[in-house]
Amino acid sequence: MQAFLRIRRAFKDIHNTGTATVAPVDPGTLAYIASRLDLPVGSDFATVLHKVKYLDSGPVRPLLTESAKTEKTENGREVKYFNKVIFMLPAESAGLGDMCPGATPECIGNCIDKTGRNKFTSAQLGKFKRTAFLYLAPEQFRTQVVSEIQKITRKCKRTMAAEALTPCETGAVTMGVAIRGDGTTDLGLAQWLSEAPEVDHDVVSFYDYTKMARRARTDWPNWHVTLSAKSLAHAVQIGAREGDRTNLAIVVKRKGSESRAAAIAAVQEVLTNGAPWWTGPIVNGDISDARFLDPQGALVLLFAKGPALKTGGEFVWEV
């Protein structure tokens, strides 16, 4: 319930009614959503909700999708999780509230929301519709995501049964279902989803990256959280904490270069030589998105992508 209330608070015009049902929607905000969807002026709640919930072709709009990283998780040599992620519009770009309350200006400026497939107009519109769906009907949103998770879980179990495997124990290969709630947001969606009793937690793992330090603790049930470094100084500070078991992700690029290949080489250099300010394990976060399999206290290296390759700055560790 706490995760649910936190998500409700992220939206500027939604207030907890104590009923956990569809929240009241400000008429001006409803009109704003309708205008972004090219709906007629004066469209009512049901019309707007239908537009964001369903595809134009009729079926319900999928809320769980994939990325280049999650595809690596599904097709890796040792990790073959059915890995899905929820992509919505980050920070305040949807105009509905703050979806990333812990974000810094550099984080927003270097967000992966405008990299790879995320940058296309169709992808941006799809993310707005998912964001608006969560805004308009959070419980319906959650119910649909849980239904999609159940469908993927059944597929995973069929695969394991066909190969005589047990959940998450396949010898040389690890298999299961992995759900990342915040692909381009920071609401703690995966925690909210992990509280659903309909989910088979023997098979499904939930995980997120976050800028919120209080979320990056090691004892959340069924939810693995990796803290995203705000700067190199921030990472060094965490690395200096004796006994700190926080998992920390940091973006890496080659100093003075805007080359993707150079950024990848910089990551490999750190993997080989280590980081003088980090005593725990160091992992390559671009091999897959399976952060829930990282050892506790791991430093996760991510090579710079998109705007981060050009801007650098405190947000990026320049090696």
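The values are calculated or read from the model by the stated rules, or taken from the named source; none is laboratory data. Model, not experiment: these values are computed from the prediction. Methodologically, a virtual Cβ is constructed for each residue, glycine included, from the backbone with ideal geometry; neighbour enumeration extends over all protein chains shown. The area values use the complete protein model at the heavy-atom level, side chains included, leaving out ligands, DNA and RNA. Shrake-Rupley method; radii C 1.70, N 1.55, O 1.52, S 1.80 Å.
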### Relative contact order, percent, segment 200-297 [alpha-carbon distance under 8 Å, six or more residues apart]
25
### Query
Packing-wise, with mean Cβ within 10 Å as the measure, how do 32-38, 202-208 rank, highest first?
202-208, 32-38
### Message
Strictly over 22 Å apart at the Cα level, which of 80/155; 72/129; 80/211; 84/255; 51/305; 155/305 would you flag in this model?
### Response
72/129; 80/211; 84/255; 51/305; 155/305
### Summary
per DSSP, antiparallel bridges as share of beta bridges in the chain, % nearest 5, sits at 15
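Over segment 64-159, what is the relative contact order in percent, taking alpha-carbon pairs closer than 8 angstrom and at least six residues apart? Don't skip to the end; give the middle numbers.
Working: 71 pairs, mean separation 21.9, N = 96.
After rounding, I find 23 percent.
Taking all protein chains as present, what is the carbon and sulfur share of the accessible area of the chain, in % to the nearest whole number, probe 1.4 Å? Don't skip to the answer; put the middle values down first.
Working: 7830 of 14630 Å².
The computed percentage sits at 54.
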### Message
Multiplying the sequence separation of residue 121 and residue 236 by 0.36 nm and subtracting their Cα-Cα distance, what value in nm do you get?
### Response
37.6 nm
### Query
Could the peptides 45-52, 185-192 be put in order, highest first, of the mean number of other beta-carbon atoms found within 10 Å of their residues?
185-192, 45-52
### Structure-based [θ]222 nm, the chain - -39500 (n - 2.57) summed over DSSP H runs of at least 4, per residue, nearest 500
-10500 deg cm²/dmol
### Query
Counting pairs of alpha carbon atoms under 8 Å apart in space and at least six apart in sequence, what relative contact order in percent does the chain give?
18
### Cα→Cβ-extended label distance, 7 Å offset, between residue 151 and residue 311, nm
3.6
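If you count, for each residue, the other Cβ atoms within 10 Å and average over each peptide, how do 143-155, 270-282 line up from highest to lowest? Walk me through the numbers on the way to the answer.
Numbers: 143-155: 17.0, 270-282: 14.3.
My ranking of the peptides, most packed first, is 143-155, 270-282.
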### Task
Return one whole number: the accessible area per residue of segment 28-103 in Å², for a 1.4 Å probe.
47
### Task
Using Cα centres only, tell me the gap between segment 233-310 and segment 35-92 in whole Å.
29
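Summing +1 for each Lys or Arg and -1 for each Asp or Glu, what net charge is found among the other residues whose Cβ lies under 15 Å from the Cβ of residue 317?
Details: positive: 230, 253, 254, 255, 305; negative: 106, 269, 286, 314, 318.
Computed value for this residue: 0.
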### Task
Just need the Rg to Rh number for segment 207-310, please, alpha carbons only, Kirkwood Rh.
0.95
### Task
State, in angstrom, two size descriptors of the chain derived from its alpha carbons: Rg to one decimal place and Dmax to the nearest whole number.
19.9, 62
### Task
Determine the principal axes of the Cα atoms in segment 271-319, then give the extent along each, sorted from largest to smallest and rounded to whole angstroms.
31, 25, 17
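Would segment 31-144 count as rounded, prolate or oblate if I go by the C-alpha gyration tensor, calling it rounded below 1.5 in a/c and otherwise prolate when a/b exceeds b/c, oblate otherwise?
Working: a/c = 2.11, a/b = 1.41, b/c = 1.50.
Note, shape of segment 31-144 comes out oblate.
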